[in-house]
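Peer 1: Below you'll find the structure I mean.
The values are calculated or read from the model by the stated rules, or taken from the named source; none is laboratory data. Bear in mind the structure is a predicted one, so any value in this text is a computation, not a measurement. When we count neighbours, we look across all protein chains shown, and the Cβ atoms used for this are built from the backbone with ideal geometry, even at glycine. Remember, those area values only see protein heavy atoms, side chains included, never the ligands or the DNA or RNA. Shrake-Rupley method; radii C 1.70, N 1.55, O 1.52, S 1.80 Å.
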Amino acid sequence: MMKRSLIKKAVFAAIGAFCSITALANVNVVAKIGETEYETLQAALTAAGTTAGVEVTLIKDTTENITIPAGFNGTIDLGGKTLNGGVLAYFANENSADFIIENGNIYCETPVASEGNKGAILVKNISLKLVNVNLTTHYHGIRMHNGAYVEIDGGEYTVVHNKASTYRLLNVKAGAVKVLDGVFQKSGDYNGAESAAVIAVA
C-alpha cells in the first residue's frame, strides 16, 4: 500500500512539474501563426515571409518596431492588443508588399525611419489596409511615399502635438489614400493653423 502511494505521488509530481514547465515556456509568447508561437511580432512576420494569405495574430501587448518583410501578403491581427512602436514598410521596388493591419492599437512615441523620413507607419511601394485600428502618434501618423496606397476603414487616429510640432496623421508625400470610415483628431498643446493640421498632401 505504501509503495502504491509513493508511486502515485511520484506520478502527480511529474505531471505537476511538466505543467509548470509548459506554463513557463508560454510566458514569453507574443504572437502566433496558427498554433506556432513566437516571442516577438517581428519573429512571426519574418517566419510568415511571402506565404499568401497568412495571418499573424498578436496575443500580448508588445513594445517593438516592426519591419514588414518584402513580399509579405497577409494580415496582422492585433487581437485587441497594443503594439507600442512603429511599422516600417519602405521598399525600393513597386508591389513589394500588400497587407492588412486590423483590430487593435498602435501607440508610437518614437517614429520609425528610413532615408530621413519618419512616421508611426512609414510606407513606400506598398498597399496597406487599416481596419479598426486605433493609432496614437507623437509624430507623423501615416507617412506615404511614391507607390504607396493606404485604405482606412474604421478606428480612431490621434496625433499628439506639442507647441513646436507640425505633425500630421496623414502625411502624403506621394501616393494615394482612401478613407472609408474613421475618426481623425489632434490632442495636446498646438498653436496656429500649420501645427493644428492633421492631414497634408504634398
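Peer 1: How would you classify region 24-146 from its alpha-carbon gyration tensor, with a ≥ b ≥ c the square roots of the eigenvalues: rounded for a/c under 1.5, else prolate if a/b is greater than b/c, otherwise oblate?
Peer 2: Oblate, because a/c is 1.5 or more while a/b does not exceed b/c.
Peer 1: Rolling a 1.4 angstrom probe over the protein heavy atoms, how many square angstrom per residue are accessible across region 47-192? Walk me through the intermediate numbers first.
Peer 2: Working: 6140 Å² over 146 residues.
For region 47-192, the solvent-accessible area averages 42 Å² per residue.
Peer 1: For an R0 of 35 angstrom, estimate the FRET efficiency from the Cβ-Cβ distance between Glu151 and Val27 and round to the nearest 0.05.
Peer 2: 0.45
Peer 1: Still on this structure, please answer the following. Over region 54-178, with every protein chain in place, what whole percent of the accessible area is carbon and sulfur at 1.4 Å, could you tell me?
Peer 2: Percent of accessible area from carbon and sulfur atoms in region 54-178: 41.
Peer 1: For region 79-186, which GluC sites (Glu not before Pro) are both in a DSSP coil and crowded by at most 12 other Cβ atoms within 10 Å?
Peer 2: Hits after loop and neighbour filter: Glu94, Glu115.
Peer 1: Once phi is turned into θ = phi - 60°, what whole-Hz ³J(HN,Hα) does the Karplus curve with 6.51, -1.76 and 1.60 give for every residue of region 39-49, x standing for Gly and Pro?
Peer 2: Listing the rounded values in order: 7, 9, 5, 4, 4, 5, 5, 4, 5, 5, x Hz.
Peer 1: May I ask you to evaluate 6.51 cos²θ - 1.76 cosθ + 1.60, the Karplus curve with θ = phi - 60°, for each residue of region 113-124 and list the ³J(HN,Hα) values in order in whole Hz, giving x for glycine and proline?
Peer 2: My calculation for region 113-124 gives 9, 7, 6, x, 9, 9, x, 5, 10, 10, 10, 8 Hz in order.
Peer 1: Ok, one more. Taking loop as defined by DSSP and a crowding limit of 14 other beta carbons within 10 Å, which GluC sites (Glu not before Pro) in region 23-88 fit?
Peer 2: Glu35, Glu39, Glu64
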